[in-house]
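Okay, structure first, notes after.
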Amino acid sequence: MTDTTTATATDADASTDAVAAVKERLRAILTSPEGKAHPALAEHLAYQTDMSADEVLAALTAAGPATVTPKEPTAEEAAAAYYESKRRGGALGFADHVGAPSANGGNVWGDVLPDFNSLRKER
């Protein structure tokens, strides 16, 4: 009976060690700078392969710098950007088209009307 108890304890220790090794491998891959630069690839290599952490990190390094593909804005994001451009540019939204910000914080008419009124008074 002692042999069975010893075998069960040894199996439990081996299981605990295996779980700790897997956790350490995952931590090493997913928290590394390479893993953070390529999170989708790091997760795939960590969960779907039997590669060691060093092999995965070498593959992630060989992948080079991550490139970000700009995503198309959603309709809600496009509407919010349009609204913001109109809000900043006054009623006609000229601030986005002028190039440099106007002297009074983006309201182009606030710059134009005083000049126009001074020209009108000179007549």
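Points to keep in mind about this one:
- Residues that are exposed (fewer than 11 other Cβ atoms within 10 Å of the Cβ), polar (S, T, N, Q) and assigned to a loop (DSSP other than H, G, I, E, B) within segment 47-78 comprise THR67, THR69, THR74, listed in sequence order.
- Residue within segment 23-37 that is basic (Lys, Arg), at pLDDT below 80 and assigned to a helix (DSSP H, G or I) present: no
- Matching residues in segment 45-75 - criterion: being more than 14 Å from ARG25 (Cβ to Cβ) and under 19 Å from the mean Cα position of the chain (by Cα): ALA63, GLY64, PRO65, ALA66, THR67, VAL68, THR69, PRO70, LYS71, GLU72, PRO73, THR74
The values are calculated or read from the model by the stated rules, or taken from the named source; none is laboratory data. Only a predicted model underlies this, so the values are computations on that prediction, with no experimental measurement involved. When we count neighbours, we look across all protein chains shown, and the Cβ atoms used for this are built from the backbone with ideal geometry, even at glycine.
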